[in-house]
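What follows is a single structure, written as structure tokens, with notes after it.
Read-outs throughout are calculated quantities, based only on the coordinates presented, and are distinct from any laboratory measurement. What you are looking at is a predicted structure, and each value in this text was computed from that prediction instead of being measured. All Cβ positions, even for glycine, are placed from backbone atoms using ideal geometry, and neighbour counts span all protein chains on display.
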């Protein structure tokens, strides 16, 4: 059942639509012109809006433009007895879900409303999933060290500046990269992630730049690379230091010229990507050892964000412990557990070589092996 607003200056059409739609169990409200309709939209929440184009005081296309400034939720279906291809195209460009000519085909109208509701539900589900993903990649802590990282993210994210994230394994470099993407102007598109260490050296170029059919033995069809997939979006090169020197040269060219070419191809493809890279190594030392290209380092390191180790922010351990206890218990489907202050103090004494990743594993172990309240004795026994 949908909440529907009908905006039309013809009383007979308004009343007919109300009767038909209420018979289909929808909730229907009526407005006799665009001005009244906009006022109702400002004060109420509708799933679908049916809006005539030719109306006194304010035409439907103007109403359509103003709706987007009030809310982004409802799907707007334009209806008109004076429809032309141009007006239909203009309506769709301005954000209408569909355009239907009068006299209305009620079967088509019902199908269109159902499709509009499906889109509305999909948008709502996407929002929920995004919130879950955002929570999964939330940065936990209130220490000065982590607040400096947050401040840097807030300043850099809205720009297209390339960012190099450094720090030991397990510190949360991917979290920083995802926060940069979520707070950027490219957040509407997906976050394209490439783990350079997990891809065999002979396949990394195909993964990054794509390949043409028949360019090598297993290339049975053409394939777009990650740079092409990230056009207009963000690409995250994790463990960028693990790329071969030849692959580094091609990445350097892509950054310099905003173009890539597929393996086995001779055509340049223009790309517009925001590049975020991460490493757990000292790239200046890698340059000295001729394992990393200096030019690429300078291209990637417009902004450098150093992620602190867990040992550098022990005051965040109580917040992290409570966060991971709630997360792990939820994943396991078990009752939530408590942790006492003495246990937290013991956790703060540990030297965490694996950082946040190791810390989460320890919390999971304590949940499984400890009692209803995790104590200092549990920490000493199971860490």
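Averaging over all projection directions, the Cα-based convex hull of the chain occupies 26.4 nm² in the image plane. Here is how the number arises for the chain: DSSP H runs of 4 or more residues each give -39500 (n - 2.57), the sum is divided by the residue count, and the result at 222 nm is -14500 deg cm²/dmol. Within the listed set 121, 107, 361, the residue fluctuating most in the Gaussian network model of the chain (springs between alpha-carbon atoms under 10 angstrom) is 107.
Cα gyration tensor of segment 1-107, axes a ≥ b ≥ c as square roots of the eigenvalues: rounded (a/c below 1.5), prolate (a/b > b/c) or oblate? Numbers along the way, then the final one.
Numbers: a/c = 1.39, a/b = 1.10, b/c = 1.26.
Rounded is the answer for segment 1-107, as its axis ratio a/c remains below 1.5.
Exposure proxy ranking for 25, 18, based on other Cβ atoms within 10 angstrom of each Cβ and starting from the fewest, stands as 25, 18. Between residue 326 and residue 19, the FRET efficiency estimated from the beta carbon spacing at R0 = 56 angstrom works out to 0.65.
So which residue, out of 348, 27, 338, gets the largest mean-square fluctuation from a GNM of the chain using Cα contacts under 10 Å as springs? Answer for the Gaussian network model of the chain: 27. When the Gaussian network model of the chain links Cα atoms closer than 10 Å, the mean-square fluctuations of 103, 158, 314 top out at 103.
Would you kindly calculate the translational diffusion coefficient of segment 294-383, applying Stokes-Einstein with the Kirkwood radius from alpha carbon pairs, for 25 °C and a viscosity of 0.890 mPa s, and quote it in µm² s⁻¹ without decimals?
Working: Rh = 14.4 Å.
Answer, rounded: 171 µm²/s.
Computed from Cα positions, the angle between helix 245-257 and the longest principal axis of the chain comes to roughly 40 degrees. Eigen-decomposition of the gyration tensor built on the alpha-carbon atoms of segment 147-308 gives equivalent ellipsoid semi-axes of 26, 18, 13 angstrom, largest listed first. To the nearest 10 degrees, how steep is helix 11-23 against the longest Cα principal axis of the chain, on a 0 to 90 scale? It is inclined by approximately 50 degrees. With R₀ set to 30 Å, the beta-carbon distance separating residue 159 from residue 68 gives a calculated FRET efficiency near 0.70. Between residue 351 and residue 284, full extension at 0.36 nm per residue minus the direct alpha carbon distance yields a gain of 21.4 nm.
Which angle between 0 and 90 degrees, to the nearest 10, do you get for helix 34-43 versus the longest principal axis of the chain when only C-alpha atoms count? Long axis of 34-43 versus the principal axis of the chain: about 40 degrees. Simple spin-label estimate for residue 10 and residue 106 gives 1.5 nm between the two label positions (7 Å along the Cα-to-Cβ direction from each Cα).
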